[in-house]
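The values are calculated or read from the model by the stated rules, or taken from the named source; none is laboratory data. No experiment lies behind these values; they were computed from the predicted model shown. Cβ placement follows ideal geometry from the backbone for every residue including glycine, while neighbour counts extend to all protein chains displayed.
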Amino acid sequence: MSLDTGTLYVVATPIGNMEDITFRALRILKEVSLIAAEDTRHTKKLLTHFGIATQLTSYFEHNEKEKAPQLIGKLKEGANIALVSDAGTPGISDPGYRLIKLAVENAIPVVAVPGPSALISILSVSGLPLDEFTFKGFLPSSSWQRKKFLLDFKGTEHTYVMYDSPRRIKETLEDILEVLGDVEVIIGRELTKLHEEVMRGKASSVLESVRDRELKGEIALIIRTEKEQKEEASLDKEIENLLRSGFKLNEVAKAIAQQFNIPKGEVYKEALRIKEALNL
């Protein structure tokens with residue numbers, strides 16, 4: 001490897017408010033030889049706003065397999081490159097992983113230029129305990145896949161944060177109610193922008209508040225699950241509800257075993273009995 005190998009800078013850019021970009025990010029974007037952007041048209045607006053004339057090249061989900069080796073070649077030749085996404089921090093549910101991984105494998109320096117992130121923004125104003133949380137990326141687009149996705153949260157005491165589409169958030173809230181019950185949720189919409197909105201409350205009340213509205217802007221969603229002390233008598237009802245929702249026996253057994261803290265095998269036998277009794 002040449003001593004003149006360049007550096008890959010992973011640069012966070014505003015998720016809405018242009019004032020959120022850091023002085024360091026602006027300097028790096030001016031000084032690098034090339035900016036690899038998820039959408040060059042979008043990034044061009046940012047650069048124009050701050051008077052930056054650095055060359056742009058496209059780097060997005062559908063071309064990163066072919067483009068990453070080309071960018072690595074430029075880095076090996078000594079070029080410094082800044083990686084940016086449309087908004088927020090590259091690699092966080094955005095393109096970037098492949099290029100960063102290749103840079104690491106080729107002993108090319110990778111430097112974080114931290115800044116805005118919708119994930120951290122919604123968590124910071126949540127008012128929830130954040131000593132531990134799990135980021136789950138984007139929710140599945142189909143209702144059934146979403147329900148299976150949510151089923152893994154059942155019976156835990158934890159904070160989950162994810163992204164969703166404004167077109168689907170009402171359906172998502174309905175799925176949450178069906179699978180997890182009336183848990184606490186927080187929705188962040190248009191974060192850092194003029195019409196920023198944060199909604200907090202039980203899933204049922206948040207759903208009611210948005211049911212007749214047309215929401216716009218990307219959604220950051222937090223789900224807070226709590227372990228509840230339930231009577232054994234409610235076990236059969238929980239099993240029946242999940243079976244009627246269409247979940248398979250092993251999926252029901254896993255979720256209920258976690259919720260009630262009892263062996264999965266025992267739950268499976270009980271679920272099978274209930275399934276046969278209901279003729280499902």
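Residues in the range 58-97 that are charged (D, E, K, R) and under 23 Å from Leu46 (Cβ atoms): Glu61, Glu64, Lys67, Lys74, Asp86, Asp94. Scanning the range 254-273 for residues that are among the polar types (S, T, N, Q) and either in contact with a helix residue (DSSP H, G or I) (Cβ under 6 Å, 6 or more places away or on another chain) or loosely packed, with under 14 Cβ neighbours inside 10 Å (or both) gives a single hit, Asn261.
Does at least one position in the range 209-227 carry a residue that is in a helix (DSSP H, G or I) and free of Cβ contacts under 8 Å to residues at least 24 places away in the same chain? Checking the range 209-227: at least one residue is in a helix (DSSP H, G or I) and free of Cβ contacts under 8 Å to residues at least 24 places away in the same chain. Listed here are the strands (runs of 3 or more DSSP E) enclosed by the range 85-185 that have at least 1 residues being touching a Lys or Arg at 6+ places or on another chain (Cβ under 7 Å) and modelled with pLDDT of 95 or more: 110-113, 158-164.
On inspection, Gly127 qualifies as in contact (Cβ under 8 Å) with a residue 60 or more places away in the chain and on the phi > 0 side of the Ramachandran plot.
Selection over the range 1-53 of residues that are of a type in the set (Asp, Glu), within 28 Å of the chain's Cα centre (by Cα) and outside any helix (DSSP H, G or I) gives a count of 2.
With respect to being out of contact with any Phe, Trp or Tyr (no Cβ under 9 Å at 6 or more places or on another chain) and over 22 Å from Gly137 (Cβ atoms), Leu29 falls outside the description.
Among the residues of the range 9-27, is any surrounded by fewer than 17 Cβ atoms within 10 Å (Cβ to Cβ), within 15 Å of Asp86 (Cα to Cα), without any contact (Cβ under 8 Å) to a residue 40 or more places away in the chain and in the same structural domain as Gly91 (by TED's automatic domain parsing)? Yes: one or more hits.
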